[in-house]
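Enquirer: Let me begin by handing over the structure; questions about it come next.
The values are calculated or read from the model by the stated rules, or taken from the named source; none is laboratory data. The shown structure was predicted, so the numbers you read here are calculated from the model rather than taken from an experiment. When we count neighbours, we look across all protein chains shown, and the Cβ atoms used for this are built from the backbone with ideal geometry, even at glycine. In case anyone asks, the SASA skips ligands and DNA or RNA and just uses the protein heavy atoms, side chains included. Shrake-Rupley method; radii C 1.70, N 1.55, O 1.52, S 1.80 Å.
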Amino acid sequence: GLEKRSLQIDEQEGIKLTVFAKSDCRLGEHPFVLTGSRGAAEVRTLQVDPFPIFAEEEPNSTLDSAQVVSLPATITGIVEEGDEDTFRVTLKKGQRLTAEVVALPLGRYLFDALLEIVDEQGNVLAKVDDSPLLKQDPTTSILAPRDGDYYIRVREAAFGGDLDSRYRIH
């Protein structure tokens, strides 16, 4: 279900591989290895998601600076030390918002994500660190109590983080 579109090799920048996911491609993680005259690289993975993808844009640590995202979406980002990433979505009363963080499978080190959904006044409507469904990664769901903006926040549970603390929020 994956098709190579281009492969560029640059001595300074490394390798840039562009891949297209066909409509019949299986969703989820796809491991791959690049091989060449110098041997094989280490295993990397590619994630295929069903939703439009939004890359996190800093600054987005507060409700006022939250990045606006339209639903449905997959958000990709990195939590550096002490960082908190915030995303704003607009909901109608009674609309369900479900957020699922995928972090642990993406990094080389432990990134213990914490997920919150808050309202416009900053009241926490849902907060979860680990979940039985995803084990180390959190997932939660709310029904919007009224029309308005709601915020999805992700951070490292102990306010850690680094450049390898990657996440995807669906």
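Enquirer: Scan the chain and report its longest stretch carrying no chymotrypsin sites (Phe, Trp or Tyr not before Pro) that are both in a DSSP loop and have at most 13 other Cβ atoms within 10 Å. Mind dumping the intermediate values first?
Expert: On the way: sites that count: Tyr109, Phe159.
By the stated rule (loop sites, at most 13 other Cβ atoms within 10 Å), 1-108.
Enquirer: Among Thr76, Leu63, Gln47, whose Cα projects farthest towards the positive end of the dipole of the stretch 47-86, with charges put on the beta-carbon of Lys, Arg (+1) and Asp, Glu (-1)?
Expert: Gln47
Enquirer: Moving on to the next point. Taking the chain, how many lysine pairs are there with alpha carbons less than 27 Å apart, if each pair must be eight or more places apart or span two chains?
Expert: Lysine pairs, 8 or more places apart or on different chains, close enough: 5.
Enquirer: Over all directions, the average projected area of the alpha-carbon convex hull for the stretch 6-71 comes to how many nm²?
Expert: Working: hull surface 28.9 nm².
So the Cα hull casts an average projection of 7.2 nm².
Enquirer: Next up: If amide hydrogens are placed 1.01 Å from N in the peptide plane, which non-local residues have theirs closer than 5 Å to the one on Leu125?
Expert: Amide H neighbours of Leu125, under 5 Å, 5+ apart: Ile117, Val118, Asp119.
Enquirer: Also, I was wondering about something else. Counting other C-beta atoms within 10 Å, and keeping those with at most 13, which DSSP coil GluC sites (Glu not before Pro) do you find in the stretch 103-170?
Expert: Values: sites: Glu116, Glu120, Glu156; in loops: Glu120.
Answer in residue order: Glu120.
Enquirer: In addition: Looking only at the chain, where both bridge partners belong to it, what percent of the DSSP beta bridges are antiparallel (to the nearest 5)? Walk me through the intermediate numbers first.
Expert: Working: 46 of 51 bridges.
Bridges in the chain that DSSP calls antiparallel: roughly 90 percent.
Enquirer: Measuring with a 1.4 Å probe in the full set of protein chains, what accessible area per residue, in whole Å², belongs to the chain? Please list the in-between numbers first.
Expert: Working: 10320 Å² over 170 residues.
It amounts to 61 Å² per residue over the chain.
Enquirer: Are there any trypsin sites (Lys or Arg not before Pro) in the stretch 1-38 that are in a DSSP loop and have at most 16 other Cβ atoms within 10 Å? List them by number.
Expert: Details: sites: Lys4, Arg5, Lys16, Lys22, Arg26, Arg38; in loops: Lys22, Arg26, Arg38.
Hits after loop and neighbour filter: Lys22, Arg26, Arg38.
Enquirer: Run through the stretch 50-158 and list the trypsin sites (Lys or Arg not before Pro) located in a DSSP loop whose Cβ has at most 16 other Cβ atoms within 10 Å.
Expert: Filter output for the stretch 50-158: Lys92, Lys93, Arg108, Arg146.
Enquirer: Shifting gears a bit: More than 25 Å apart: what percent of Cα pairs in the stretch 69-170 qualify?
Expert: Working: 779 of 5151 pairs.
Considering the stretch 69-170, 15 percent of its Cα-Cα pairs are separated by more than 25 Å.
Enquirer: Output needed: percent of Cα pairs per 5 Å distance bin for the chain, bins running from 0 to the one holding the longest distance.
Expert: Spelled out bin by bin, the chain gives 2, 8, 15, 19, 18, 14, 11, 7, 4, 2, 1, 0 percent.
Enquirer: If the only charges are +1 at each Lys and Arg Cβ and -1 at each Asp and Glu Cβ, what is the size of the charge dipole of the chain around the Cα centre, to the nearest 20 debye? Kindly include the intermediate steps, with their values, before the conclusion.
Expert: On the way: 19 positive and 30 negative charges, 179 e Å.
Computed charge dipole of the chain: roughly 860 debye.
Enquirer: Ok, one more. What are the ³J(HN,Hα) couplings of the stretch 25-40, residue after residue, when phi is run through the Karplus curve with 6.51, -1.76, 1.60 and θ = phi - 60°? Round to Hz, x for glycine and proline.
Expert: For the stretch 25-40, the Karplus curve yields 5, 5, 6, x, 8, 10, x, 8, 9, 8, 10, x, 5, 8, x, 10 Hz.
Enquirer: Follow-up. How large a share of the accessible area of the chain, in percent, is made up of carbon and sulfur atoms when the probe is 1.4 Å and the other protein chains stay in place? Before the final figure, lay out the partial values.
Expert: Values: 5180 of 10320 Å².
Of the solvent-accessible surface of the chain, carbon and sulfur hold 50 percent.
Enquirer: Another question, then. Once you compute Rg and the Kirkwood Rh from C-alpha atoms, what is the Rg to Rh ratio for the stretch 27-110? Write out the running numbers ahead of the final one.
Expert: Numbers: Rg = 16.6 Å, Rh = 15.5 Å.
Rg divided by Rh gives 1.07.
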